[in-house]
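All remarks here apply to the structure that follows.
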Amino acid sequence: MTTNDDYIPNEIADFHDFVITLIEVTALHVPGTARPWGYTNTEFEALESDAEAFKDAYDLANPAGKKKSRTPSQTKDMNEKKDVCEKTIRDFVNTWLAYNIAVTNPDKMDMNLTVFDTVPSPVPVPGTKPFVFKLDTSETARHKIQMREEGSTSGGLPEGMNGLEIRSKVGGAAPLTPEECPNQLLPTRASVTINYSTADSGKRVFYYARYLNSKNQPGPWSIMFSAIIP
């Protein structure tokens with residue numbers, strides 16, 4: 001998760017306010033302050049200089065907030081100073097603020113900078129079952145199985161799921177539990193093609209399936225389903 005994916009405001013008035021805040025906060029962390037962030041006075045002064053040049057051009061092009069009175073040359077100068085200031089800010093932020101462990105997330109939020117959530121979101125344990133909405137036996141010695149989430153009308157794997165575990169048993173009596181099925185498949189898609197030997201044609205295959213998340217944690221087993229090998 002991120003906050004303010006691109007922290008540079010689009011509107012020039014918002015950019016003006018952003019620049020003022022950035023300079024005010026970073027000035028509190030130059031060398032010699034209680035909590036310096038590592039940049040030198042010279043590096044901060046270069047940032048401050050381009051910020052002041054933009055602010056002066058902005059104020060000239062917006063006398064008393066009346067932008068209608070600005071001249072084309074004032075607008076051009078303001079936009080050019082903004083472009084220079086924005087590049088300086090991006091370089092300064094990337095070098096000294098974005099990845100600096102001394103700059104906390106609350107510090108970044110004070111400056112309206114991007115905040116990255118470094119704590120991974122928890123992976124949900126599967127809570128639903130797959131069910132078969134199509135089992136194609138039109139080809140010799142082959143089953144084509146399409147599954148979807150129980151209660152859903154759309155195909156594919158549910159969000160957060162990494163794949164399926166399919167257990168199967170060829171021929172004989174129907175298994176009472178998935179553990180009685182000796183064959184295992186771990187497909188990463190909800191559509192699965194399973195090939196069999198032609199020697200097994202006419203035998204019934206019994207299946208169970210369940211979802212696996214990215215940690216291979218399983219969900220509940222589906223109801224048993226079966227089909228004859230063509």
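The values are calculated or read from the model by the stated rules, or taken from the named source; none is laboratory data. Note that the coordinates shown come from a computational prediction; the quantities given were computed from them, not determined experimentally. FYI the Cβ positions are ideal-geometry reconstructions off the backbone, even for glycines, and counts take in every protein chain you see.
Pairs needed: first member in segment 40-57, assigned by TED's automatic domain parsing to the domain that holds ASP91; second member anywhere, in a loop (DSSP other than H, G, I, E, B); C-beta distance under 8 Å; at least 6 residues apart or different chains.
What qualifies is THR40/PRO31; ASN41/VAL30; ASN41/PRO31; PHE44/VAL30.
The conditions are (1) of a type outside the set (Lys, Arg); (2) farther than 14 Å from ARG210 by Cα; (3) in contact with a Gly (Cβ under 9 Å, 6 or more places away or on another chain), and GLU139 fails exactly one of them. Which is it?
So GLU139 meets the others, but not (3).
Residues checked against (1) free of Cβ contacts under 8 Å to residues at least 24 places away in the same chain; (2) acidic (Asp, Glu); (3) touching a Pro at 6+ places or on another chain (Cβ under 7 Å):
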{"residue": "PRO175", "(1), (2), (3)": "no, no, no"}
{"residue": "PRO182", "(1), (2), (3)": "yes, no, no"}
{"residue": "LEU185", "(1), (2), (3)": "yes, no, no"}
{"residue": "ASN195", "(1), (2), (3)": "no, no, no"}
{"residue": "VAL205", "(1), (2), (3)": "no, no, no"}
{"residue": "LEU212", "(1), (2), (3)": "no, no, yes"}
{"residue": "LYS215", "(1), (2), (3)": "no, no, no"}
{"residue": "SER222", "(1), (2), (3)": "no, no, yes"}
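Out of all the residues in segment 168-186, is one or more part of a loop (DSSP other than H, G, I, E, B) and within 28 Å of PRO122 (Cα to Cα)?
Yes, that holds for at least one residue.
Scan segment 90-103 and report the pairs whose first residue is in the same structural domain as LEU22 (by TED's automatic domain parsing) and whose second residue is among the β-branched types (Val, Ile, Thr) and surrounded by 13 or more Cβ atoms within 10 Å (Cβ to Cβ), with Cβ atoms within less than 9 Å and a gap of 6+ or a chain change.
Correct list of pairs: ARG90/ILE8; PHE92/THR26; VAL93/THR114; TRP96/THR26; TRP96/VAL103; LEU97/THR26; LEU97/VAL103; ALA98/THR114.
Can you confirm whether ALA141 is touching a helix residue (DSSP H, G or I) at 6+ places or on another chain (Cβ under 7 Å) and surrounded by 14 or more Cβ atoms within 10 Å (Cβ to Cβ)?
Yes; evaluated as a whole, the condition is true for this residue.
A quick yes/no check of all residues on (1) among the hydroxyl-bearing types (Ser, Thr, Tyr); (2) assigned to a helix (DSSP H, G or I); (3) in contact with a helix residue (DSSP H, G or I) (Cβ under 7 Å, 6 or more places away or on another chain):
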position	(1), (2), (3)
GLN74	no, yes, yes
VAL84	no, yes, yes
PHE92	no, yes, yes
ASN100	no, no, no
VAL103	no, no, yes
PRO126	no, no, no
GLN146	no, no, no
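Considering only residues of segment 115-138 that are within 28 Å of LYS203 (Cβ to Cβ) and of a type outside the set (Lys, Arg), which is surrounded by the fewest Cβ atoms within 10 Å (Cβ to Cβ)? Lay out the reasoning, then the answer.
Step one: filter segment 115-138 for residues within 28 Å of LYS203 (Cβ to Cβ), giving 129-138.
Keeping just the survivors that are of a type outside the set (Lys, Arg) gives 130-133, 135-138.
Values: PRO130: 29, PHE131: 15, VAL132: 16, PHE133: 13, LEU135: 15, ASP136: 14, THR137: 15, SER138: 7.
Filtering first and then ranking leaves SER138.
Could you tell me which of the residues LEU28, LEU47 is assigned to a helix (DSSP H, G or I), out of contact with any Ser or Thr (no Cβ under 7 Å at 6 or more places or on another chain) and of a type in the set (A, V, I, L, M)?
Testing whether each residue is assigned to a helix (DSSP H, G or I), out of contact with any Ser or Thr (no Cβ under 7 Å at 6 or more places or on another chain) and of a type in the set (A, V, I, L, M) leaves just LEU28.
Here's a check for you: in segment 58-68, which residue that is surrounded by fewer than 11 Cβ atoms within 10 Å (Cβ to Cβ) and assigned to a helix (DSSP H, G or I) is modelled with the lowest pLDDT? It would help to see each step written out before you state the result.
Keep residues of segment 58-68 that are surrounded by fewer than 11 Cβ atoms within 10 Å (Cβ to Cβ), which gives 64-66, 68.
Narrowing further to those that are assigned to a helix (DSSP H, G or I): 64-65, 68.
On the way: ALA64: 67, GLY65: 59, LYS68: 67.
Ranking the qualifying residues of segment 58-68, first place goes to GLY65.
I want to confirm something. Restricting to segment 180-206 and keeping residues that are touching a Lys or Arg at 6+ places or on another chain (Cβ under 9 Å) and among the hydrophobic types (A, V, I, L, M, F, W, C), which single residue is nearest to ILE228 (Cα to Cα)?
That would be VAL205.
Scanning segment 29-46 for residues that are under 21 Å from GLU86 (Cα atoms) and out of contact with any Phe, Trp or Tyr (no Cβ under 9 Å at 6 or more places or on another chain), which turns out surrounded by the fewest Cβ atoms within 10 Å (Cβ to Cβ)?
Here the residue is THR42.
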